[in-house]
1. Give me, ordered by chain and number, the residues 5 or more places off Phe21 or on other chains with an amide H under 5 Å from its own placed amide H.
2. Could you give the nm distance between label points at His60 and Ala2, where each point is 7 Å from its Cα heading toward the beta carbon?
3. Filter the trypsin sites (Lys or Arg not before Pro) in the chain to those in DSSP coil with at most 14 other Cβ atoms within 10 Å of their Cβ, and list the result.
4. Starting from 0.36 nm per residue, how many nanometres of slack lie between Ala18 and Lys53 once their C-alpha separation is accounted for?
5. Return the distance in nm (one decimal) between the two label points of a simple spin-label model at Glu25 and Asp11, each offset 7 Å from Cα along Cα→Cβ.
6. Any chance you could tell me what percent of the C-alpha pair distances in the chain go past 14 Å?
7. Residue by residue through region 7-17, what is 3J(HN,Hα) from phi via Karplus (6.51 cos²θ - 1.76 cosθ + 1.60, θ = phi - 60°)? Round to whole Hz and write x for glycine and proline.
8. Normalised by the number of residues in region 1-53, what is the relative contact order in percent for Cα pairs under 8 Å and 6+ residues apart?
Amino acid sequence: MATKKNKEFADLIAPFTACPFEKVEVDCPFSDFGNHKGLDEILKLIDQLPDEKLISLREHHKTCQEWKIEKGEAIVNI
């Protein structure tokens, strides 16, 4: 069931599932969590992590996306 917290951080569902780009970077913090396949599992994870960690993950993902788009890396997982 969706909670207020996992609605607030819904943009992190995709990167918790898989990197949308061809290559996962070695410093990707999402790698620390493994690949989560089920939505329920990801929503539980989002509820369990501190807001500060989720904000940090969001900032990293945004910066990484911008960098990969600038260098023209193909998006493969949508």
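1. Val76, Asn77
2. If labels sit at His60 and Ala2, their model points lie 2.6 nm apart.
3. Lys23, Lys37, Lys71
4. Working: separation 35, 0.36 × 35 = 12.60 nm, distance 1.82 nm.
Taking Ala18 through Lys53 to full extension adds about 10.8 nm, to one decimal.
5. 1.6 nm
6. Values: 1811 of 3003 pairs.
So the portion of pairs separated by more than 14 Å is 60 percent.
7. Rounded to whole hertz, the list is 6, 4, 10, 4, 5, 8, 4, 4, x, 5, 7.
8. Values: 27 pairs, mean separation 26.1, N = 53.
Normalised by residue count, the contact order of region 1-53 is 49 percent.
No value in this document is a laboratory result; all are computed from the given coordinates. These numbers come from a predicted model, not from an experiment. Here Cβ is always computed from backbone atoms with ideal geometry, including for glycine, and neighbour counts include all displayed protein chains.
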